[in-house]
Amino acid sequence: MNKLNFLRPNIENLNTYLYSGIFLISIAILDVALNSFFNTNITSFLPNFISFLLPLVLGTIGLHLIRIEFSGIKNLDLLNKNINTNTFNAILTLLIIFAIIKSIPPFLSWFIIDATISGDTKEACTGTGACWTYIKIWLNRFIYGMYPNELQWRINISFIALIALAFVGLLPSEKIKKFLTLYYVIIYPIIAFVLIYYLISGGAFGLEWVETGAWGGLSLTFIVSFFCLIFCFPVGMFLALGRRSDLPTVRYISVGFIEFWRGVPLITVLFMSSVMFPMFLPEDFFMDKLVRVIIAISLFEAAYVAEVIRGGLQALPRGQYDAAKSLGMGYWKMHIFVILPQALKLVIPGIANTFLALVKDTPLIFVVGLLEIVGMLNLAKTNPKWLGYAMEGYVFAAIIFWIICYAMSKYSYNLEIKYKTDR
Amino acid sequence: MTDSIIKIESMNKWFGDFQVLKDINLEVEKNKKIVVCGPSGSGKSTLIRCINRLEEHQKGTIIVDGTELTENTKNIEAIRAEVGMVFQQFNLFPHLSILDNCTLAPIWVKKMPKKNAEELAMKQLEQVQIADQAQKFPGQLSGGQQQRCAIARALCMEPKIMLFDEPTSALDPEMIKEVLDAMVNLAKAGMTMIVVTHEMGFAKEVADEVIFMDEGMIVEKAETKEFFANPKSDRTKLFLSQIL
């Protein structure tokens with residue numbers, strides 16, 4: 001009887017159970033940690049099989065001992081409720097903790113401890129870890145592509161200016177607030193285009209002309225993503241409205257357009273934009289490769305944006321249309337003031353999804369010979385002096401993309417909260 | 001009848017093969033209050049939705065304030081600006097504050113300066129006694145308050161006619177009274193009103209005429225006292241015996 005009671009933790013002997021439980025869990029974690037970090041096995045005196053399973057068994061018993069309901073200790077209750085509800089969950093919890101502990105050392109040693117960042121050549125990388133020297137040496141190319149080194153200040157200045165101009169919306173002045181939508185939808189893109197056209201491309205005001213083929217790296221990723229995002233949104237919005245239009249011509253054109261672009265892979269679209277498209281143009285008409293690519297991606301993504309927005313339009317109750325109409329609003333007023341603000345709010349997550357996909361699709365422009373960051377990586381890894389460091393490059397690119405995408409995702413989430421008025 | 005503001009002549013409407021309205025003839029004089037009642041599915045709502053062309057009729061004519069309702073979009077929008085409508089489900093714009101709900105149409109449809117529109121909106125909100133809620137959003141208001149806001153929103157367009165489509169059917173019993181009070185006040189101010197409702201108390205108090213509809217037809221149309229005291233058709237008698 002006594003023995004059974006010992007196995008059934010109760011609140012009367014809270015401290016006894018708590019301390020013995022914590023002791024067992026600590027031993028389990030310590031065993032795994034020592035094993036993982038220092039490669040020593042404190043249970044080596046036991047048979048292999050038992051020694052291997054011991055931490056799990058001890059941990060499970062420990063978690064069982066601290067599983068006391070309504071203990072009155074806030075953190076313990078929280079722990080029990082979330083990761084220690086029953087034996088099965090306790091085992092899963094332990095396995096996850098062990099997996100994390102096990103994976104930290106190799107990760108750390110590759111990333112930091114055994115990694116090299118000094119030196120200027122491949123020969124500096126003698127360790128078994130990552131060769132960050134490679135990233136360091138190539139960083140300039142990864143950011144600016146083949147853009148001439150002495151002209152890179154032009155890219156820096158235009159990007160800083162664009163970022164600064166993007167924050168105009170935060171100015172507190174009431175006078176400006178009225179024109180914010182106009183500013184962001186029309187004026188800002190025009191400024192951006194002018195800046196990039198004259199400053200980065202050059203060819204006027206005594207600035208040396210740099211052909212778009214030389215652009216590349218992260219700056220090109222930003223340029224392509226930025227213009228594609230800006231163009232595909234309004235186009236997608238009109239397509240969505242067009243698809244729901246009462247006018248058959250408009251409707252069929254929209255449906256046809258959307259279904260065409262959704263039905264072809266982006267890579268073929270890009271290929272056609274660079275190879276086939278010029279054949280249909282008059283001979284003296286010249287359109288830059290980069291412009292063609294931006295148009296192609298924008299139209300492609302617009303079809304997806306259109307369907308996302310259409311979902312939002314369909315989610316609105318018919319009463320909203322009735323109410324707007326009954327107040328004498330015409331089609332455009334109804335959509336601008338009543339329907340679209342609500343529909344767009346509903347589809348922020350979907351739009352963010354599409355935009356993230358767009359940013360991550362930009363590496364595909366390598367098919368037309370434009371090398372943004374991933375393209376530059378692929379170029380660098382085939383450089384005879386730097387063979388064999390593809391891993392570092394891709395990890396670097398993954399981190400950069402993750403930062404960009406996480407920022408966008410966070411921003412979209414903030415927008416959702418900002419426009420939440422109905423609940 | 002020179003001063004009839006709404007004139008409907010042999011109007012018919014179908015939803016697909018199903019005929020919802022059969023040969024409707026109706027004239028409404030200025031400043032009259034008409035109550036439309038009848039069982040559900042009898043076409044009452046469709047009838048008043050035809051008056052501001054939220055539904056299209058297929059046969060017959062509807063003339064509102066001297067303008068015939070046709071495909072002409074300009075005419076339709078002009079008429080809708082003169083005909084206010086209150087819905088069963090309120091249909092406030094949830095992304096706008098109560099005040100913005102009221103000023104949106106005056107500013108953008110009637111091109112009223114923002115300041116005037118806000119003054120007018122506050123006056124109308126005062127009338128329905130929710131001026132203190134002006135900065136809130138519809139989702140934060142009770143059903144009765146939302147419906148009164150909807151009435152104020154319609155009145156901000158300074159309409160000549162007000163249509164009510166079962167304005168109290170989606171409300172708790174407690175809130176029905178506050179909405180009906182607002183409607184009674186409006187009636188006393190001399191507004192031309194067509195009200196679809198099951199509130200017979202309201203009909204007795206306010207209406208000049210009561211229309212009873214069944215199966216898409218106007219079965220009986222009579223002065224209010226006459227309608228309740230002395231219904232002519234058997235169908236009306238049955239309906240009244242069940243509802244009163």
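Taken together, the values in this text are just the output of simple stated rules run on the coordinates, not laboratory data. These numbers were taken from a predicted model, which means no experiment stands behind them. Note that we place each Cβ from the backbone using ideal geometry, even for glycine, and neighbour counts take in every protein chain shown.
Here is how the numbers come out for the structure above:
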{"quantity": "Trypsin sites (Lys or Arg not before Pro) restricted to DSSP loop in the stretch A:304-386 with at most 16 other C-beta within 10 Å", "calculated": "none"}
{"quantity": "For the stretch A:1-144, size of Cβ-based charge dipole, Lys and Arg +1, Asp and Glu -1, in debye", "calculated": "220"}
{"quantity": "Within the stretch A:159-254, chymotrypsin sites (Phe, Trp or Tyr not before Pro) in DSSP loop having at most 14 other beta-carbon neighbours inside 10 Å", "calculated": "A:PHE179, A:PHE205, A:TRP209"}
{"quantity": "Cα shape, the stretch A:11-113, gyration tensor, a/c 1.5 rule", "calculated": "prolate"}
{"quantity": "Residue with peak Gaussian network fluctuation, chain A [Cα springs, cutoff 10 Å], from A:ILE258, A:ILE22, A:ILE117", "calculated": "A:ILE22"}
{"quantity": "Principal semi-axes in Å for the stretch A:302-371 [√(5λ), Cα gyration tensor, largest first]", "calculated": "35, 12, 8"}
{"quantity": "Among beta bridges that DSSP assigns inside the protein assembly as shown, antiparallel share in %, nearest 5", "calculated": "50"}
{"quantity": "3J(HN,Hα) from dihedral phi, the stretch A:68-84, Karplus parametrisation 6.51/-1.76/1.60, rounded to Hz, x for glycine, proline", "calculated": "10, 6, 6, 5, x, 8, 4, 5, 5, 4, 4, 4, 4, 5, 9, 10, 9"}
{"quantity": "Straight-distance crosslink candidates among aspartates and glutamates, where the alpha carbon sits under 14 Å from A:LYS360 and sequence neighbours closer than 8 are dropped", "calculated": "A:GLU301, A:GLU372"}
{"quantity": "Relative contact order (%) - chain B, alpha-carbon pairs under 8 angstrom, separation at least six", "calculated": "26"}
{"quantity": "Extension gain (nm, one decimal) between A:TYR406 and A:LEU170, 0.36 nm per residue minus Cα-Cα", "calculated": "82.8 nm"}
{"quantity": "Stretchable slack from B:ASP3 to B:ALA131, in nm (0.36 nm times residue separation minus alpha-carbon distance)", "calculated": "42.6 nm"}
{"quantity": "Kirkwood-Stokes translational diffusion coefficient of the stretch B:91-198, alpha-carbon pairs, 37 °C, 0.692 mPa s, µm²/s", "calculated": "236"}
{"quantity": "Longest segment of chain B lacking trypsin sites (Lys or Arg not before Pro) that sit in a DSSP loop with at most 16 other Cβ atoms within 10 Å", "calculated": "B:137-231"}
{"quantity": "Estimated inter-spin distance, A:LEU207 and A:TYR413, nm [label 7 Å along Cα→Cβ]", "calculated": "3.7"}
{"quantity": "Nearby lysines by direct alpha-carbon distance to B:LYS237 (threshold 27 angstrom, same-chain neighbours under 8 apart not counted)", "calculated": "B:LYS13, B:LYS22, B:LYS32, B:LYS33, B:LYS44, B:LYS177, B:LYS204, B:LYS221, B:LYS225"}
{"quantity": "Helix-only CD estimate at 222 nm, as mean residue ellipticity for the protein assembly as shown, using -39500 (n - 2.57) per DSSP H run (n ≥ 4)", "calculated": "-17500 deg cm²/dmol"}
{"quantity": "Förster-model FRET efficiency, 25 Å R0, A:GLU150 and A:TYR198, C-beta, rounded to 0.05", "calculated": "0.90"}
{"quantity": "Inter-site label distance for A:ARG8 and B:LYS221 at 7 Å from Cα along Cβ, in nm", "calculated": "8.2"}
{"quantity": "In the stretch A:129-228, trypsin sites (Lys or Arg not before Pro) in a DSSP loop with at most 10 other beta-carbon atoms within 10 Å", "calculated": "A:LYS178"}
{"quantity": "Listed residues B:PHE90, B:PHE212, B:PHE18, most fluctuating in chain B (Gaussian network, C-alpha, under 10 Å)", "calculated": "B:PHE18"}
{"quantity": "Cysteines in chain A that, by Cβ-Cβ distance, have no pairing candidate under 4.7 Å", "calculated": "A:CYS228, A:CYS232, A:CYS405"}
